[in-house]
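These notes concern the structure reproduced below.
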Amino acid sequence: MRVLLTALCLALAAPFGQALAAPVHGIAMHGEPALPPDYKHFPYVNPDVKKGGRITYGVVGTFDNLNPFILKSMRTTARGMWDPEFGNLVYESLMQRSRDEAFSMYGLLAETVEWDDERSFIQFNLNPKAKWADGQPVTPDDVIFSFELLRDKGRSPFSRRLDVVEKTEKIGKHGVRFTFNDKADRESPLLLALSPVLPKHAIDVEGFDRTSLAFPLGSGPYRVKDVRPGEKIVYERNPDYWGKDIPSKIGFDNYDQISVEYFLQENTLFEAFKKGSVDIFQEGNPTKWARGYDFPAVTSGAILKEEFMPKVPSGMLGFVFNTRRPMFADARLRHGLSLVFDFEWVNRNLFENAYRRTESFWQNSELSSLGVPADESERALLGPALARIEPEILDGTYRWPQTDASGRDRTVLKQAVMLMKEAGYSIKDGVMSDANGKPLAFEIMTQNADQEKLALAYQRFLSALGIRAAVRTVDDSQYQSRTLTFDYDVIVRAYASSLSPGLEQAVRWRSDYRDREGSEAFAGANDPDVDRMVDAILSARSAEDFRSAVRAHDRLLLSNHYVLPLYHLGRQWVARYDYIARPDAVPLYGYQLPVWWDARAQK
């Protein structure tokens, strides 16, 4: 009887319409987390590493801001504050993502979470040990304050996180519950778990949306020690960091000091690495990787070259057509312009045939439509959009045509001209023009020498058909300003792809993001069928439904030709000094810098 009464009392105490949920240590987008409740650490760390020493990273660019969550200076915030590559050194999220699983989250600021099968709510139960760097506890009030502040003064995507929340409430001493509205999808709880938490007692709300170099207060493992605007930022370990012994942080944050040096050009950064001023260099140029590492530190063994093979989709690097421009409104024209690019010429003459042509946004994974015919599930999802998808893309046989690598393959150029003719363009007196005689001309905006090299090659190919493409390389601040406001014709962008695509697909492709300045809607897609496929991804409950939705989305993106696909490596290249060590295990997503360490500290 006592048990029955206790259960009844608990049921009555639960919010109306929500089933009781047992606290869990982790959550996954699909299925269950791989690690059990009593896990000791992530499988790709060295749990016995002796912390100490230092590391210096190098980056190209500048910075004038220490607030990574605002629109102003979004691209010029100091690296390391909130950083997927170097680690979130100062600020932390409610949960920590494992890079050895597609999309699983484990406790960080939140010790446990509660949710229901419908994902109608999620409750984060804060770790009682969680503290800010000044010793004050992290509280539910901090969590609620952070979401509301970022909603009012933050940048996308943080400013949109509460759009899917109907109610936020404190539960007991350590709990925060978010109840979702009908705008939410099955990814929403995980995105809340990834969101930063800021200290209510140490934030100037009025000036939050202005750039600032004031040293911030966070709950993370490091504090800012020194700042030289535009040149260098130095972080030092917080010896009193609250989370150093929790399972999701074992083996992370292994340096006493982390420096990030800024350089104006990659060549200057590389020279600094050769001299020992920078400890790690992440290489992306196959020619340089093959020929540019013959200096003494490499030949003596002081610098180690390593190649990693992540088990993730290739992503998509390409020229992006801004469909807000009337000239790029027709997919046939975009397709024709894409065919003009001679990948074989570029790969042979610029990259020693190091690259593979990218032909899917999720190439090298089961989420890709490449080589896979659309099954009944995909066809049902696509519905009337089936008629708009190119037959070869629908049956999985589509491939980009291979050229003779001359830069002017007549067979391929003939296909391009035919598509452009269907879109209303033809060559008159050696100039590609529309029906009114207006020449087809546009600008390709680039931001560095590598992009400029590609754009100049493309310019040459286009000129063979009488198409005038101007190439303009701009500095980082101008590039930021113009991309934030979509003020460009064509740009070069990389779309990272994961094994668990979700809300980022909405931000990139759904029509309601087309006019949101600061979003990643670079192509300006405005297609209700694309919107439906994104929604299908976000609402999928089973792994099979999820895979079908992503493949259908992939087919639509390819058929719409928003992006002229370029190439990918499928490999990661890193050079490091031999005193920077790493674990033997490499996770699903490839090497992870936050779990490396200074071997000199082990002695």
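The values are calculated or read from the model by the stated rules, or taken from the named source; none is laboratory data. For clarity, every value in this text was computed on a predicted model and none was experimentally measured. FYI the Cβ positions are ideal-geometry reconstructions off the backbone, even for glycines, and counts take in every protein chain you see.
Of a type in the set (A, V, I, L, M, F, W, C), in contact (Cβ under 8 Å) with a residue 12 or more places away in the chain and more than 22 Å from Trp509 (Cβ to Cβ), is that true of Val492? Judged against the criteria, Val492 is not a match. Pairing each residue of the stretch 510-530 that is closer than 12 Å to Thr323 by Cα with any residue that is small (Gly, Ala, Ser) and assigned to a loop (DSSP other than H, G, I, E, B), provided the two are 6+ apart or on different chains, yields C-beta distances under 7 Å for Ser511/Ala525; Arg514/Ala521; Arg514/Gly524; Arg514/Ala525. For the residues Gly524, Gly502, the requirement of being at positive phi and of a type outside the set (Phe, Trp, Tyr) singles out Gly524.
Of the helices (runs of 4 or more DSSP H) that lie entirely inside the stretch 491-603, those containing 1 or more residues that are under 22 Å from Arg161 (Cα atoms) and charged (D, E, K, R) span 503-509, 528-539. Annotation: Phe208 fulfils all but one of (1) among the hydrophobic types (A, V, I, L, M, F, W, C); (2) within 27 Å of Ile246 (Cα to Cα); (3) in a loop (DSSP other than H, G, I, E, B); the unmet one is (2). Which residues, counting only those in the stretch 258-288, are among the aromatic types (Phe, Trp, Tyr) and surrounded by fewer than 18 Cβ atoms within 10 Å (Cβ to Cβ)? The answer is none; no residue qualifies. Evaluating Ala549 against the criteria (1) over 21 Å from the mean Cα position of the chain (by Cα); (2) at pLDDT 95 or above; (3) closer than 22 Å to Glu101 by Cα; (4) of a type in the set (Gly, Ala, Ser) leaves one unmet condition, (1). Within the stretch 297-310, the set of residues being over 16 Å from Arg576 (Cβ atoms) and surrounded by fewer than 14 Cβ atoms within 10 Å (Cβ to Cβ) comprises Met309 only.
Anything in the stretch 21-59 that is in contact with a His (Cβ under 6 Å, 6 or more places away or on another chain) and of a type in the set (Ser, Thr, Tyr)? List them, or say none. None - no residue of the stretch 21-59 is in contact with a His (Cβ under 6 Å, 6 or more places away or on another chain) and of a type in the set (Ser, Thr, Tyr), so the list stays empty.
A count restricted to the stretch 87-109 and to residues that are in a strand (DSSP E or B) and either out of contact with any helix residue (DSSP H, G or I) (no Cβ under 7 Å at 6 or more places or on another chain) or aromatic (Phe, Trp, Tyr) (or both) stands at 4. Note on the stretch 234-257: among residues that are of a type in the set (S, T, N, Q) and assigned to a loop (DSSP other than H, G, I, E, B), the one that is surrounded by the fewest Cβ atoms within 10 Å (Cβ to Cβ) is Asn238. If you go through the stretch 202-229 and pick out every residue that is over 26 Å from the mean Cα position of the chain (by Cα), over 27 Å from Ala110 (Cβ atoms) and either charged (D, E, K, R) or surrounded by 14 or more Cβ atoms within 10 Å (Cβ to Cβ) (or both), you end up with 5. Whether any residue in the stretch 68-82 is more than 20 Å from the chain's Cα centre (by Cα), on the phi > 0 side of the Ramachandran plot and modelled with pLDDT of 95 or more is what I want to check. Scanning the stretch 68-82, I find no residue that is more than 20 Å from the chain's Cα centre (by Cα), on the phi > 0 side of the Ramachandran plot and modelled with pLDDT of 95 or more, so the answer is no. Return yes when Thr411 is farther than 25 Å from Asp535 by Cβ, loosely packed, with under 15 Cβ neighbours inside 10 Å and modelled with pLDDT of 95 or more and no when it is not. So Thr411 passes the test.
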